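Report on the structure given below.
The values are calculated or read from the model by the stated rules, or taken from the named source; none is laboratory data. Bear in mind that the values here come from a model prediction, so they are computed numbers and not experimental data. Cβ placement follows ideal geometry from the backbone for every residue including glycine, while neighbour counts extend to all protein chains displayed.
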Amino acid sequence: MSASNPCAKTRPVENPYEVWKLGDWTWKVLKKYQKPEREAKNPYARWFCAVSTPYTYGSYDMGDVYVTEITNHAERVDDERDKG
């Protein structure tokens, strides 16, 4: 049996597992539904995220996002993990 999902528990916005950015868009990853091995094989893998955009006016929209929508376009910037 392989290891469990290390990102299975939902975290608060202030303490995400990862932070990704593209311009004015920021995705804070609060939960991952699959282990990394399974996620890599699933084109429909998703993460639960808090997303900040120019259209959220300083707050976040929260919901599931396809992993590839983030990883194919944005850059991981974990140094901003603890910034609100």
Unique residue being part of a helix (DSSP H, G or I), out of contact with any helix residue (DSSP H, G or I) (no Cβ under 7 Å at 6 or more places or on another chain) and either of a type outside the set (Lys, Arg) or in contact (Cβ under 8 Å) with a residue 60 or more places away in the chain (or both) when the list is Thr26, Thr68, Thr56, Thr10: Thr68
Leading residue by the ranking (surrounded by the fewest Cβ atoms within 10 Å (Cβ to Cβ)) among those in region 29-53 that are among the β-branched types (Val, Ile, Thr) and assigned to a strand (DSSP E or B): Val51
Checking Val77 against (1) touching a residue at least 60 places away in the same chain (Cβ under 8 Å); (2) surrounded by fewer than 16 Cβ atoms within 10 Å (Cβ to Cβ), the condition it does not meet: (1)
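Looking at this structure, is Pro12 touching a Ser or Thr at 6+ places or on another chain (Cβ under 8 Å), modelled with pLDDT of 95 or more and not hydroxyl-bearing (Ser, Thr, Tyr)?
no
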Pick from region 15-49, criterion in contact with a Ser or Thr (Cβ under 9 Å, 6 or more places away or on another chain) and among the aliphatic types (A, V, I, L, M), ranking: nearest to Tyr66 (Cα to Cα): Ala45
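Going by what's in this entry, would Val19 be described as aliphatic (A, V, I, L, M) and either assigned to a loop (DSSP other than H, G, I, E, B) or free of Cβ contacts under 8 Å to residues at least 60 places away in the same chain (or both)?
On the way: aliphatic (A, V, I, L, M): yes; either assigned to a loop (DSSP other than H, G, I, E, B) or free of Cβ contacts under 8 Å to residues at least 60 places away in the same chain (or both): no.
Considered against the rule, which asks whether it is aliphatic (A, V, I, L, M) and either assigned to a loop (DSSP other than H, G, I, E, B) or free of Cβ contacts under 8 Å to residues at least 60 places away in the same chain (or both), Val19 comes out as no.
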